[in-house]
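Here the structure is laid out as structure tokens; the discussion comes afterwards.
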Amino acid sequence: MSLPHFHDRQYMKADKVLVTDRLIDICILWMIPHAVTPNHITLVRMLATPIVISLLWSSNYVWGVPLFLIVASTDAIDGALARTRNKITQWGMMFDPLADKCLILTTVIVLVSSNIHWVLACALIFMEIGIMGMALVWRKHGGIISANVWGKTKMFLQVSGVFLLLLSLWLSLPFQAFASLLLWVSIGFGVMSLARHGI
């Protein structure tokens, strides 16, 4: 099976547009030129992830926290852009979730394992690896893996949990317990996402 090309222009029409997509369209997407594709935004997230992790690894939270939030928000932006403008591509369907998982998993390894508990870090990592493995198997057998509300909620909870953890480390706020709760709940949504053959 050959990998899809980044410059793929064989756009597919979205099966459905989420309510969150409409909100993002009203608030943000009107500022994005039509020449910018969802794949461009996904690529920016992939390239920015090592910079974010480097800042967090060195405990530079002043720059690391805002940059993490900006980079993580591109997940919602590229998905909404793809669905509202009917610019879904095979490349985006494969590499968008991969970019998300690279950002979250590396952040989990750097922060959650050392500041909350290694069991939670391992659970999150194994869940994401399981989702990626099942998605590959499902795709290989002709199934279509697409974004769904469970997967988007999982990502939102993970980003929120990691962000609260970052705030607690940066500003010495008592958010670690709530961050841990959000991350545990995200695992449940990840399981439901997998059951619905989504990401």
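Bear in mind that the values in this text are calculations on the coordinates, not laboratory data. These figures come from a predicted structure and were not determined experimentally. All Cβ positions, even for glycine, are placed from backbone atoms using ideal geometry, and neighbour counts span all protein chains on display.
Computed values, structure above
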| item | result |
| --- | --- |
| Computed [θ] at 222 nm, helices only, for the chain once each DSSP H run of length n ≥ 4 contributes -39500 (n - 2.57) | -23500 deg cm²/dmol |
| The chain - Kirkwood radius from inverse mean 1/r over Cα pairs (Å) | 17.3 |
| Normalised contact order of the chain, rounded percent, pairs of Cα under 8 Å and 6 or more residues apart | 23 |
| C-alpha long axis of helix 118-140 to longest principal axis of the chain, angle in ° | 10 |
| Nitroxide proxy distance, nm - points 7 Å out along Cα→Cβ at Ile51 and Phe178 | 3.0 |
| The chain: angle of helix 61-84 to the longest principal axis, Cα-based, in degrees nearest 10 | 20 |
| Degrees between helix 176-195 axis and first principal axis of the chain (Cα, 0 to 90, nearest 10) | 30 |
| Length added when fully stretched, Ser58-Cys27, from 0.36 nm per residue minus Cα-Cα | 7.8 nm |
| From the C-alpha gyration tensor of the range 98-187, square roots of 5λ in Å | 27, 13, 10 |
| Diffusion constant of the range 64-111 at 4 °C, which comes from Stokes-Einstein with the Kirkwood Cα-pair radius and 1.567 mPa s, µm²/s | 112 |
